[in-house]
Protein chains: 2
Amino acid sequence: MQWTEEQLKEFDRNGVLYVERLFNEMEIAVLNSELPNVLRREGPVNLKERKSDSIRSAIAPHNSSDLYRRLSKHPRIIEPAIQILGGPVYLHQFKVNTKNAHDGEIWHWHQDYRTWFEDDGMPKPNVINAALFLDEVTEFNGPIMFVVGSHKLGMIPSDKNFQRIPEYGRLAEDAIGSPYTNETIDRLINKHGLIAPKGPAGSVVFFHGCTLHGSVPNMSPWNRTVVFWSPNRTNNAITAPTRPEYLALQDFSAVEPLADDCLLD
Amino acid sequence: MQWTEEQLKEFDRNGVLYVERLFNEMEIAVLNSELPNVLRREGPVNLKERKSDSIRSAIAPHNSSDLYRRLSKHPRIIEPAIQILGGPVYLHQFKVNTKNAHDGEIWHWHQDYRTWFEDDGMPKPNVINAALFLDEVTEFNGPIMFVVGSHKLGMIPSDKNFQRIPEYGRLAEDAIGSPYTNETIDRLINKHGLIAPKGPAGSVVFFHGCTLHGSVPNMSPWNRTVVFWSPNRTNNAITAPTRPEYLALQDFSAVEPLADDCLLD
């Protein structure tokens, strides 16, 4: 599963690349049928929404589900990651963000890498994300909006008095808001523009660790469940973790991609 | 400005009709240039958002602005309203909902007529709305979502313990949520489907007083300012107002549409 020269150029230019139906219906059905086992885990690995008991983010499902362990090493994600980042990768994070019907709350404008630098000590922004839709994503259920090409700016430091609340049972950013002032967000979006990829379950959005993104609450009747991989170069491993291990993984050995049919074995 | 047979049929079928660029750029420029005078009014006629001092809804601007007084009688709105409702109309409400960039909060799923029946004593759902875009409406700035054909259900009574908070300086519904349970909303939307008209400034969405609708917060850098007329049949005037007059107008005399160029005189 190698990307074409054209795909690599588009990713480099935009910091975002959408691939429709990268996983097939059978694979998505299997992943969805295992999901309840992941979501019923007790404790802080399943972060809840601020205003309800809906799961917001199920962290490190590969530690408790063999199917999600196999998914975490899937060649359709890991091989392009190695290609884009130029060498072996390990996973800095692996998680499922559910954005449930009615209850899924806002994700303020943010770069993932800013947190990974400040909280985890990741040396360089040589890291990407892949986001697999387990549900159809439409204009109605809170698609992720990306600021096109914003990864070219590198890490954008917080420009307001933004302090993380070390409260991992509920997601802190949601309470605090964006690390950026409205003026910064306006300037970046008006300069670069927004896109919000939408499509059937099984589609994947790859995006750079510095691509600014966010999403509105989900007030529709339809869940918008997405699996996130964060492949990082093995030579870029974090040096100063301050968070629990499930939020900043510490197995820095190179992921060996499994076979293409690893989910249906 | 009479609607075609086809337009009337579409409105009757869907409870929603979108007309692109019903007002031209010059008219929109004039309305936008007068807007700051409307938004700087003091007191409860300008409702604020819950979490900021952004204006959420500027009520009854025709009482303080001659331009908006003329807009309230515009033939491109009033004549179709007379045609749809089958006779003379007066305005039950007239307002500007700004849904400001960054600050514009959610409007939960609701029917306008449920409030107008319960709070104002409007006898029948023989009433429509017209919503004029003063800004371009895109997928990013919180377009109104409508449940197609839901007006055919008539008034849908609240199905949870929903009590209005008589707090008109901040909008009460926002704090309370929808008058409907998630199960009711799911059932209606899954049966009828959603649409969210988007388009350039100057476009108008007409929708029935019983059409269920709502919109997500606006986290984009772009305002989404919309003027709302609520034309009601003169023989359907409210009988038991409980709210201030600016929220439930009490001039029940028939609106005489002005000339087509009334904004540019």
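Numerical summary
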item	result
Matching residues, segment A:235-245, being open to solvent by less than 40 Å² (accessible area, probe 1.4 Å) and modelled with pLDDT of 95 or more	A:N236, A:A237, A:I238
Residue list for segment B:136-156, filter: of a type in the set (D, E, K, R) and within 14 Å of another protein chain (Cβ to nearest Cβ)	B:E136, B:E139
Top-ranked residue in segment A:137-157 [being of a type in the set (V, I, T) and open to solvent by 10 Å² or more (accessible area, probe 1.4 Å); ranked as modelled with the lowest pLDDT]	A:I156
Test result for A:G15, surrounded by fewer than 19 Cβ atoms within 10 Å (Cβ to Cβ) and not aliphatic (A, V, I, L, M)	no
Members of segment B:46-63 found to be touching a residue at least 40 places away in the same chain (Cβ under 8 Å), assigned to a loop (DSSP other than H, G, I, E, B) and surrounded by fewer than 20 Cβ atoms within 10 Å (Cβ to Cβ), listed by number	B:R50, B:K51, B:S52, B:S54
The one condition in (1) buried (at least 19 other Cβ atoms within 10 Å of the Cβ); (2) under 30 Å from A:T4 (Cα atoms); (3) not β-branched (V, I, T) that A:P123 fails to fulfil	(1)
When residues of segment B:1-33 are limited to those that are closer than 19 Å to B:N97 by Cα and polar (S, T, N, Q), the one farthest from the chain's Cα centre (by Cα)	B:S33
Matching residues in segment B:22-45 - criterion: being among the polar types (S, T, N, Q) and either free of Cβ contacts under 8 Å to residues at least 24 places away in the same chain or open to solvent by less than 40 Å² (accessible area, probe 1.4 Å) (or both)	B:S33
Where B:T115 falls short, out of the listed (1) within 19 Å of B:A248 (Cα to Cα); (2) among the polar types (S, T, N, Q); (3) open to solvent by less than 10 Å² (accessible area, probe 1.4 Å)	(3)
Residue, farthest from A:G177 (Cα to Cα), within segment A:97-112, restricted to residues that are crowded, with 24+ Cβ neighbours inside 10 Å and more than 14 Å from chain B (Cβ to nearest Cβ)	A:T98
Flag if A:K160 is open to solvent by 60 Å² or more (accessible area, probe 1.4 Å), basic (K, R) and modelled with pLDDT of 95 or more	no
Matching residues, segment B:93-125, being among the hydroxyl-bearing types (S, T, Y), out of contact with any Cys (no Cβ under 9 Å at 6 or more places or on another chain) and more than 25 Å from A:D103 (Cβ to Cβ)	B:T98
Search result, residues across segment A:206-260 that are more than 18 Å from the chain's Cα centre (by Cα) and within 14 Å of chain B (Cβ to nearest Cβ)	A:M219, A:S220, A:P221, A:W222
Index of the failed condition, B:S33 passing every other in (1) part of a loop (DSSP other than H, G, I, E, B); (2) farther than 27 Å from B:V147 by Cβ	(1)
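The values are calculated or read from the model by the stated rules, or taken from the named source; none is laboratory data. These numbers were taken from a predicted model, which means no experiment stands behind them. Methodologically, a virtual Cβ is constructed for each residue, glycine included, from the backbone with ideal geometry; neighbour enumeration extends over all protein chains shown. Areas reflect the complete protein model, heavy atoms only, side chains present, ligands, DNA and RNA absent. Shrake-Rupley method; radii C 1.70, N 1.55, O 1.52, S 1.80 Å.
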